[in-house]
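Here the structure comes first, spelled out in structure tokens, and everything after it is commentary.
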Amino acid sequence: MKRNARGGVLATGLALALGGCRGLQTMLDPVGDQARHIDDIWRVMLAVCGVMYVLVLGFLAWALWRARRNAAAVSTADGPVAGHSPAEPILERTLTGWTGLVVAGLILLVTVSFLVDRSLAEVGPDPLPVKVVAHQWWWEVEYKSSGADPQVTTANELHLPLDRPAVIELQSYDVIHSFWVPNLAGKTDLIPGRTNYVTLTPRRLGPLRGQCAEFCGLQHARMAFDVVVETPQAFEAWRAKQLKPADAPAGAAEAHGKQVFESKACALCHAVQGSEAGASNGPDLTHLMSRGHIAAGARPNTRGDLAAWIADPQGVKPGATMPRVPLSSEDLNDLVSYLETLK
Amino acid sequence: MQGADCRVALRRAGPVRRVAAIGPALVCAVTLASCHREDRNLSATADSAPKFVALSDLRPGPPGPPPPDDPRAAEYEGNATHIANGQRYFQWFNCNGCHFNGGGGIGPALMDDKWRYGGKTEQIYASIVQGRPNGMPSFKDKIPDQQVWEIAAYVRALSGNADKLAEPSRAEDMRSIPPINNIDRQPPKPDPAATKAGGQ
């Protein structure tokens, strides 16, 4: 019975651990060129270090066994005097070989590390320029205008076309953050006053998740963003849609909600293109409902969660810079109805 | 027994040793006491405006008495987090659009000792909520109360009048002004021009 329980726990643990190998946010399931190269270096390191580890343990076992054998030999027969062991050619040769192996292993690691580092700095043809500015505690994402493509600003989501490299320009508004989409590439810090770059070349369609990887204050843990890898056509369609201003609300409740949005504290931080609200202290909400999550991945984007977030931001994300704005329940309801029109 | 040993040892030790033994304990006590300067009251809602606020300071005769103290003022001006948040909102809500970084430009300077409408946190709160003649807009219903209190506490700190224990030594982001705890202290003085015009 006990053994069964222990087996069950072990199996569950293993299943959970293996489940982590595939998912939205894991470096063990690389879907981008950069992450694959990093995965290569990880495998080489694992192999080299694994072999060395096994060899070291083997030598240790051999040394213990040898010491015991020698001790037995001294006690039974009149062997050599302690401290004067005879030369053992096999030991000398093994040590020489061991040194050679260590040098070879290190050379291999340095070479692989050099090659991977070089490949990470390479950018493929026709890169997509994107700027990401980290704020406490959300991500501002700006698709920079290039050629005929005008600029698009969104928040907490990164849409990437398949098989096209995206060069992400990383800046910070306040403190040091770190940009990390484990399935696509390694971490890169966002440092106030300087610009860093990271290249992402996604090779598989589907959703992924990124996360701030440098402690940046109270809500560091709830500073995530959604990554959507889509076909180039879908990406262009998304981009075209993001360019449009918000439609004027149709219903009376929605119109009242818009009025609340524009006249209360909302408009002091947020922007909705096509309305009076044009501030940039918080996320741009023009196409809020096209996003999967609100509050930088803290909650799913549903009516209930939106209402809860507006009614008590400090309850959802304590310390967030979004204040509690006193609203009547009618105002709150209409406001959420208005936000739901921002498709 | 051990305690007695300790006391004997302390008595035998020279004054330097005694300080060395008591010093760390004192430092610990002082450090722990200072934890309160950053208490974060996240769920606070400054739900109502101060009761004293009058619509105008214009009245016949000499300036009236200053408004009564509001307990929330002390809470906000004595807390480093609130002052640091006020610094952030000062920029977010475009106070620096007119007052610049406190040195003044389109609007009056906030770093000096002149206060047309009073230099107490309650009075600064009232100025922000009600607006003032010659261009200061009213932010009533625009900025939630808690944030107004935080901005008021920061504005008071701009002239070095914040509680020395509460003044933050750094902001959460890059700033073009020195840390608030480096600002020269300028106790509020009545502005003669404003007094003449009927202000305080």
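The values are calculated or read from the model by the stated rules, or taken from the named source; none is laboratory data. Since the structure is predicted, the reported quantities are computational estimates derived from the model, not experimental observations. Note: ideal-geometry Cβ built from the backbone for every residue, glycine included; neighbour counts use all protein chains shown.
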Is it true that B:I124 is within 14 Å of another protein chain (Cβ to nearest Cβ) and surrounded by 22 or more Cβ atoms within 10 Å (Cβ to Cβ)?
no
Members of region A:173-217 found to be hydroxyl-bearing (S, T, Y) and over 30 Å from A:P232 (Cβ atoms), listed by number:
A:Y173
Within region B:167-187, does at least one residue satisfy the condition of being in a loop (DSSP other than H, G, I, E, B), of a type outside the set (D, E) and crowded, with 22+ Cβ neighbours inside 10 Å?
yes
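Are there any helices (runs of 4 or more DSSP H) wholly within region B:1-91 with 3 or more residues that are at pLDDT below 60 and more than 14 Å from chain A (Cβ to nearest Cβ), and if so which?
Because the criterion is at least 3 residues that are at pLDDT below 60 and more than 14 Å from chain A (Cβ to nearest Cβ), the helices (runs of 4 or more DSSP H) in region B:1-91 that meet it are B:2-12.
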Residue ID - surrounded by the fewest Cβ atoms within 10 Å (Cβ to Cβ), chosen from residues in region A:108-166 that are of a type in the set (A, V, I, L, M) and within 14 Å of chain B (Cβ to nearest Cβ):
A:V133
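Helices (runs of 4 or more DSSP H) wholly in region A:267-343 with at least 1 residues that are buried (at least 17 other Cβ atoms within 10 Å of the Cβ), in contact with a helix residue (DSSP H, G or I) (Cβ under 8 Å, 6 or more places away or on another chain) and away from chain B (no Cβ under 13 Å) - which ones?
Details: elements: A:303-311, A:313-316, A:329-339.
Those helices (runs of 4 or more DSSP H) span A:303-311, A:329-339.
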